[in-house]
Amino acid sequence: MILDQNGNTSIITQEKVTVIELVKKIQALYPKFKSSNIIVALNTLGAFEKADIVEFLELSKKHKATKQSFVVVTDKIDLDVVPEEIMVVPTLQEAYDVIEMEDMERDLGF
């Protein structure tokens, strides 16, 4: 797991372990980046099933409850099967765009 900080956004990149192992690592290290937006970049991993993305559901809900964004980046899943509660985008730039939009919504009180 590679962790980069860009302003108030933590970018977590995974290259080798399974999604389940990654979610466990993120949960263990969560206090380190709970006050920042989180991008989980998974483009270097293989194809994903709905069950793989659902592993992030609890973490996503927990993080969004703190008024922060949680975005998963992968272009290897059909976005139609992704639950609405999890924000999944195909590129890192789109993840930054989502965070910017969600920040504006929070500023406006939505």
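Readers should treat all values here as calculations from the given coordinates under stated rules, not as data from a laboratory. Just so it is clear, the structure is predicted and the values come from calculations on it, not from any experiment. Here the Cβ positions follow ideal geometry from the backbone for every residue, glycine too, while neighbour counts run over all protein chains shown.
State, as an integer percentage, the relative contact order of the chain based on alpha-carbon contacts under 8 Å between residues 6 or more apart. Write out the running numbers ahead of the final one.
Values: 148 pairs, mean separation 24.7, N = 110.
So the answer I get is 22 percent.
According to the Kirkwood expression over distinct Cα-Cα pairs, how big is the hydrodynamic radius of the stretch 2-90, in Å?
Details: mean 1/r = 0.0770 Å⁻¹.
Hydrodynamic radius (Kirkwood, Cα pairs) of the stretch 2-90 is 13.0 Å.
Would you mind checking the tilt of helix 92-107 against the longest principal axis of the Cα atoms of the chain, expressed as 0 to 90 degrees and rounded to 10?
30 degrees
Relative to the longest principal axis of the chain, what angle (0 to 90°, nearest 10) does the C-alpha long axis of helix 19-33 take?
30 degrees
If I model a spin label as a point 7 Å beyond the Cα along the Cα-Cβ vector, how far apart are those points for Thr18 and Lys76 in nm?
Reported label-point gap for Thr18 and Lys76 is 1.5 nm.
At 7 Å along Cα-to-Cβ for each site, give me the label-to-label distance between Glu105 and Thr44 in nm.
If labels sit at Glu105 and Thr44, their model points lie 3.0 nm apart.
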